[in-house]
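A.B. asks: Please see the structure below; I have some questions.
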Number of protein chains: 2
Amino acid sequence: MTKVTIYVTLRESVVDPQGIATTEALQKIGYEEVKSVRVGKLIELQLDGSEETIEARVNEMCKDLLINKVIEDYRFEIGEVASK
Amino acid sequence: MTKVTIYVTLRESVVDPQGIATTEALQKIGYEEVKSVRVGKLIELQLDGSEETIEARVNEMCKDLLINKVIEDYRFEIGEVASK
């Protein structure tokens, strides 16, 4: 079993209302040092498959379903799952 | 300016409906190798402050606002922002 962690971020040019609201909320409760917040997604997959194919398959999954290419960027890391 | 990346994940004991739906959707469109998906958050902060204080301040922000301790775990990384 392999664990893949996908980091999904909004493209820089895209406005992030959740991030803006979070920035303002933090500043309001005393964290004036916070200049910007952007909120993305962290997707953790557990899947079977050989090491050689996983990278290509995960890229396909991202394009087919997980990522909105118009507004999001992504990168991912492939790691082993400790067997229990 | 310092960039802090916070990785927020649901605790293992917490059911993740979004992750279950994503697993089923991926399997349905041909990614049968996917066994589980869990969806968390990726929060990117840009903030001022000295290196020594940032770790403590970010921990406070997480406890005060960013994290729901009942259902979420978090970890974070501190990095420099390239000046533009």
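The values are calculated or read from the model by the stated rules, or taken from the named source; none is laboratory data. Just so we're clear, the structure is a prediction, and the values are computed from it rather than from any experiment. All Cβ positions, glycine included, derive from the backbone under ideal geometry; neighbour counts span all protein chains shown.
A.B. asks: Is it fair to say B:Glu55 is among the charged types (D, E, K, R) and closer than 22 Å to A:Leu66 by Cβ?
C.D. replies: no
A.B. asks: Is one or more of the residues making up segment A:33-52 modelled with pLDDT under 95 and either assigned to a strand (DSSP E or B) or away from chain B (no Cβ under 11 Å) (or both)?
C.D. replies: Step one: filter segment A:33-52 for residues modelled with pLDDT under 95, giving A:48-52.
Now restrict to residues that are either assigned to a strand (DSSP E or B) or away from chain B (no Cβ under 11 Å) (or both): A:51-52.
Checking segment A:33-52: at least one residue is modelled with pLDDT under 95 and either assigned to a strand (DSSP E or B) or away from chain B (no Cβ under 11 Å) (or both).
A.B. asks: Is there any pair with a first residue in segment B:55-76 that is touching a residue at least 24 places away in the same chain (Cβ under 8 Å) and a second that is assigned to a loop (DSSP other than H, G, I, E, B) whose Cβ atoms are under 7 Å apart and which are 6 or more apart or on different chains, and what are they?
C.D. replies: Listed by first residue and then by second, the contacts come to B:Ile71/B:Arg11; B:Ile71/B:Val14; B:Glu72/B:Arg11; B:Asp73/B:Arg11; B:Tyr74/B:Ile67.
A.B. asks: Out of (1) without any contact (Cβ under 8 Å) to a residue 40 or more places away in the chain; (2) of a type outside the set (A, V, I, L, M, F, W, C); (3) more than 9 Å from chain A (Cβ to nearest Cβ), what's the single condition that is false for B:Gly30?
C.D. replies: Against the list (1) without any contact (Cβ under 8 Å) to a residue 40 or more places away in the chain; (2) of a type outside the set (A, V, I, L, M, F, W, C); (3) more than 9 Å from chain A (Cβ to nearest Cβ), B:Gly30 comes up short only on (3).
A.B. asks: Please indicate, with yes or no, whether at least one residue in segment B:12-26 is within 9 Å of another protein chain (Cβ to nearest Cβ), in contact (Cβ under 8 Å) with a residue 60 or more places away in the chain and surrounded by 14 or more Cβ atoms within 10 Å (Cβ to Cβ).
C.D. replies: No, that holds for no residue.
Table: residues versus (1) touching a helix residue (DSSP H, G or I) at 6+ places or on another chain (Cβ under 6 Å); (2) under 15 Å from B:Thr5 (Cβ atoms).
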| site | (1), (2) |
| --- | --- |
| A:Ile6 | no, yes |
| A:Thr9 | no, yes |
| A:Ser13 | no, no |
| A:Thr23 | no, no |
| A:Lys28 | no, no |
| A:Val34 | yes, yes |
| A:Arg38 | yes, yes |
| A:Lys41 | no, yes |
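A.B. asks: Which ones in segment A:1-11 are at the interface with chain B (Cβ under 9 Å from one of its Cβ atoms), of a type in the set (A, V, I, L, M) and crowded, with 17+ Cβ neighbours inside 10 Å?
C.D. replies: A:Val8
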